[in-house]
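Q: Here it is, the structure in full.
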Amino acid sequence: MKFRRYSFINVGLLLSAFWLAAGCSTIDDDLSDCGNTFEMDYELRLVTNMTTELKTQLTTMTELSVANALTTHLKDIFTDFAHDVDLSFYDTEGNLGRLQHDQHIMDANQQSYTINLPKRQYKHLAVANVLNNSVVSLLQDDFCRTSQLGQTTRDTIDSHTTGLFTARLPMNVLEGVDQQFKVNLYMVNCAAALVIDPRKQDVSNIRVYSTGFASQFNINDSTYTFAAPSPIVRTAELLDVNSGMRCYCSVNFPSREPYYNGVGSRSVIETEDPFIAQPGQETLWQFEVYVWKDGKITKTVLSINKPLRAGQLTIIKGWITGEGAVQTSDQTVGVSVTLDWNEGGIYNPEL
């Protein structure tokens, strides 16, 4: 299959697992629960449009500093590197409780581990790069059905600090059979950037937030769930005021898909064009922009009706008008402006 419009990176995380037959050395032993020797191959698959988005959206010499700043800021998000892995093996009957749990610091693209499990059927869930993420944690993972990546439960949160990857695999460990299991880990978060040209407007301050994204990822089902109201995500300002351009970036879970049915949004899939989507009829996610100018605050809401998917970077460009509003030439983005907005409405608690 030929992939277009995005970068496709395969990074082998070759985790060879040799399962030892401990305690099965005498002829009178019950061999039904003995471990078996087999190999597990873990592969981190980064499917992203980041390179394409940077090259197609930031094309002028003035925008080159924005592209460089975004590349640096997102180097630990759209990454081919696994710092840590969390491996859980669950029962496939009853309450689907966890039978074994292994955690490792990889700090490499390839690593080998020796694990011992008896023969039986398992559901295996794997998560990478959670340890250094200050916003997202692995929660309720004692049971397969409830295992999730959940965000800090506040109205306003910081952006994610790592690129998160997960996998799920049914396993039937047989006795006396050479087996090899391959586990593909896919990215479950994404990024949105707002690039603003001040156009020499005398602006004293700009704050940008994003919203409309999932609040948790259900690992076993590979689906997202959404809190109501949606959490407000703080963006990071990437360029100083003297650069000529302003750039604000958030890292978060994906948005809903068009025609969302209330069940969940999909994780990334490997198709020829995984990030090509037709706009829906309703707003899927937003930027909220607050501009301080001439002693007043202007609030602009940019509403996007195209989904933001796992592994995707979306860049929205705009400029500041004489009234302090943010406008854009993107016809798929809706713009709502409130002049002389009351600052008391910003809810921005400290984490």
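The values are calculated or read from the model by the stated rules, or taken from the named source; none is laboratory data. Just so we're clear, the structure is a prediction, and the values are computed from it rather than from any experiment. Using ideal geometry, Cβ is built from the backbone for each residue, glycine included, and neighbour counts are taken over all protein chains shown. The protein model used for the area step is the full one, side chains on, heavy atoms only, and it has no ligands, DNA or RNA in it. Shrake-Rupley method; radii C 1.70, N 1.55, O 1.52, S 1.80 Å.
Q: Less than 18 Å apart at the alpha-carbon level, and either on another chain or at least 8 residues along: which lysines does that give for LYS200?
A: Cα-Cα hits under 18 Å: LYS293, LYS296, LYS317.
Q: Taking the Cβ of GLU288 as the center, what net charge do the other residues with Cβ under 9 Å away carry, scoring Lys and Arg +1 and Asp and Glu -1? Before the final figure, lay out each step's value.
A: Numbers: positive: ARG207, LYS299; negative: none.
Value of the local net charge: +2.
Q: May I pose another question? Can you list the HN-Hα couplings for region 302-311, worked out from phi with the Karplus curve (6.51, -1.76, 1.60; θ = phi - 60°), rounded to whole Hz and with x for Gly and Pro?
A: 9, 10, 10, 10, 9, x, 10, 9, 4, x
Q: How would HIS160, HIS73 line up by accessible area, probe 1.4 Å, largest first? Provide the component values of the computation, followed by the final result.
A: On the way: HIS160 10, HIS73 70 Å².
The residues order as HIS73, HIS160, largest area first.
Q: If you count, for each residue, the other Cβ atoms within 10 Å and average over each peptide, how do 328-341, 274-287 line up from highest to lowest? List each step's numbers first, then the result.
A: Numbers: 328-341: 13.9, 274-287: 17.1.
My ranking of the peptides, most packed first, is 274-287, 328-341.
Q: Sequence-distant or interchain residues sharing an amide H contact under 5 Å with LEU308, placed H: which?
A: SER255
Q: Which loop-located trypsin sites (Lys or Arg not before Pro) does region 82-174 contain, where loop means any DSSP state but H, G, I, E or B and the Cβ has at most 16 other Cβ atoms within 10 Å? Mind dumping the intermediate values first?
A: Working: sites: ARG98, LYS119, ARG120, LYS123, ARG145, ARG154, ARG168; in loops: LYS119, ARG145, ARG154.
Qualifying residues, ordered by number: ARG145, ARG154.
Q: In a shell of Cβ-Cβ distance under 10 Å around ARG168, excluding ARG168 itself, what net charge do Lys and Arg (+1) and Asp and Glu (-1) give? Working shown, then result.
A: Working: positive: LYS123; negative: ASP221.
The answer is 0.
Q: Between ASN184 and residues 5 or more places away or on another chain, which pairs have amide H atoms under 5 Å apart, with H built 1.01 Å from N, and which residues are they?
A: Excluding prolines and chain starts, which carry no amide H, the hits are GLU43.
Q: Arrange the residues SER303, SER65, SER88 by how much accessible surface each exposes, largest first, with a 1.4 angstrom probe. Can you show the working numbers first?
A: On the way: SER303 25, SER65 45, SER88 5 Å².
Most to least solvent-accessible, the answer reads SER65, SER303, SER88.
Q: With θ taken as phi - 60° and the coefficients 6.51, -1.76 and 1.60, list the Karplus ³J(HN,Hα) couplings across region 81-92 in order, rounded to whole Hz; mark glycine and proline as x.
A: Coupling constants for region 81-92: 10, 9, 7, 9, 10, 10, 10, 10, 10, 10, 5, 9 Hz.
Q: Across region 154-163, in residue order, what do the Karplus-derived ³J(HN,Hα) couplings come to in whole Hz, using 6.51 cos²θ - 1.76 cosθ + 1.60 with θ = phi - 60° and x for Gly and Pro?
A: Result, rounded to whole Hz: 9, 5, 10, 10, 7, 5, 4, 10, 9, x.
Q: Okay, next question. For region 67-155, run through the chymotrypsin sites (Phe, Trp or Tyr not before Pro) and keep only the ones in DSSP coil with at most 16 other Cβ atoms within 10 Å of their Cβ. Provide the component values of the computation, followed by the final result.
A: On the way: sites: PHE78, PHE81, PHE89, TYR90, TYR113, TYR122, PHE143; in loops: PHE78, PHE81, TYR113.
Passing both the DSSP loop test and the Cβ count: TYR113.
Q: Here's something else I'd like to know. Give me the lysines in straight-line cross-link reach of LYS75: C-alpha distance below 17 Å, same-chain residues under 8 apart excluded.
A: By straight Cα distance, LYS75 reaches LYS55.
Q: Toward the positive end of the charge dipole of region 95-185, about the Cα centre and with charges on Cβ (Lys, Arg +1; Asp, Glu -1), which of THR153, GLN121, LEU138 goes farthest?
A: GLN121
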